[in-house]
1. Among (1) open to solvent by less than 30 Å² (accessible area, probe 1.4 Å); (2) in contact (Cβ under 8 Å) with a residue 60 or more places away in the chain; (3) out of contact with any Leu (no Cβ under 7 Å at 6 or more places or on another chain), there is one condition T169 misses while meeting the rest; what is its number?
2. Go through segment 133-142 and report how many residues are crowded, with 24+ Cβ neighbours inside 10 Å, hydrophobic (A, V, I, L, M, F, W, C) and over 10 Å from the mean Cα position of the chain (by Cα).
3. Among the listed residues K211, K228, K243, which satisfies the condition of being under 18 Å from P174 (Cβ atoms) and open to solvent by 20 Å² or more (accessible area, probe 1.4 Å)?
4. Which residue, of E271, E237, is farther than 27 Å from H188 by Cβ and of a type outside the set (A, V, I, L, M, F, W, C)?
5. When the residues of segment 6-46 are narrowed to those that are under 21 Å from A70 (Cα atoms) and of a type in the set (K, R), which ends up least open to solvent (accessible area, probe 1.4 Å)?
6. Output the number of the condition that G235 fails; it satisfies all remaining conditions of (1) free of Cβ contacts under 8 Å to residues at least 24 places away in the same chain; (2) surrounded by fewer than 17 Cβ atoms within 10 Å (Cβ to Cβ); (3) in contact with a strand residue (DSSP E or B) (Cβ under 6 Å, 6 or more places away or on another chain).
7. Within segment 112-132, track down each residue that is open to solvent by 40 Å² or more (accessible area, probe 1.4 Å), within 16 Å of L154 (Cβ to Cβ) and either assigned to a helix (DSSP H, G or I) or modelled with pLDDT under 95 (or both).
8. For segment 92-111, which residues satisfy the criterion of being in a strand (DSSP E or B) and not polar (S, T, N, Q)?
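The values are calculated or read from the model by the stated rules, or taken from the named source; none is laboratory data. Every value quoted in this text rests on a predicted model; they were computed, and no experiment measured them. No Cβ is skipped: glycine too gets one built from the backbone with ideal geometry, and neighbour counts run over all protein chains shown. Ligands, DNA and RNA are stripped out before the accessible areas are found, and what is left, the full protein with its side chains, is counted by its heavy atoms. Shrake-Rupley method; radii C 1.70, N 1.55, O 1.52, S 1.80 Å.
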Amino acid sequence: MSYGMMIGVQLNKQKEFNKLWKWVKNHMQVKSGPAKGYFSWQLSKTGNVIGSSCAPDGDEYFAMALMFAAGRWGNGSGIFNYWKEANEILYNSTSKDNYINSSHVNMFNEKEQQVVFVPYASSAKHTDPSYHLPAFYELWGEWADYNRPFWKALAAKSREMYLKFANSTTGLMPDYANFDGTPTGSGHQEFRHDAWRNAMNIGTDYAWFAKSTNETTVINKLFDFFQKEGATSYGAEYSLAGKKLSDDHSPGLVGCNAAGTLASTHKVSWEILDDLMQASLTSGRYRYYDGMLFFLGFLHASGNYKIYKPAEVLEVAY
């Protein structure tokens, strides 16, 4: 849903954006208790909650998409006051420590300056590298009504962590990692589906801000690995050392790598972009993950994924 909203604002489809957001507010956002304000990560099409826990990357995308909506279209009333809604999501994500004796915690570990995997109990004791979105944090550090220095610090920390998350030989990152960068999680200590998105996140941040050479270093190393595996035929999953775990050449990963070319100086980037243009569109159940990552990657690579600054940005934040 958050990807759909981001795609909607980038394509200037306000009607569709508003429908998605209304459904999210009505069905996904927790209405009461210590998890109030967070969004359930999985629901049925009729709105029944299947997975009640929060996936932080969704909340991050909701907030950024809403800010861009305020910048592109201006604000309406109620839930369509995009700017107000975005800032409430950000404030909520850093205010859960107000609840005593609750296992629900903030979405970001203040000491580690990193997003957590799930803001609940032991699941908050590690991170997911693909949830690190320094391009978004950088903008929140310039725009948000609250905690601007905090968001700036998060952006800098994520750029620092990319070298620690990435395997020193292959550049591959795990799905899940400890806050020191070491891989963790049964089955998720490898390069699997979550980890595809790191290339896109790095490409976005470098294209918009170019504040860390770490990003080019990691992407070039990753692309060197994929070139050796076959720039138009590499697999979808690997051990961090480079052992292929899946032969599928997934369009979602192709799209993410295409976005990653925005941070790369590697010549194989042209083959990766050609691969994006030749890929078949996804049908069936995988339209969600493969299809949406492919679409986002296409928007990035074609120059159609842009920043829209809201008029409401304060000169000085609270």
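1. (1)
2. 1
3. Values: K211 fails: under 18 Å from P174 (Cβ atoms); K228 fails: under 18 Å from P174 (Cβ atoms).
After ruling out the rest, the residue left standing is K243.
4. Values: E237 fails: farther than 27 Å from H188 by Cβ.
The unique qualifying residue is E271.
5. Looking at the filtered set, the residue picked out is K25.
6. The number of the failed condition is (2).
7. none
8. Matches in segment 92-111: H104, F108.
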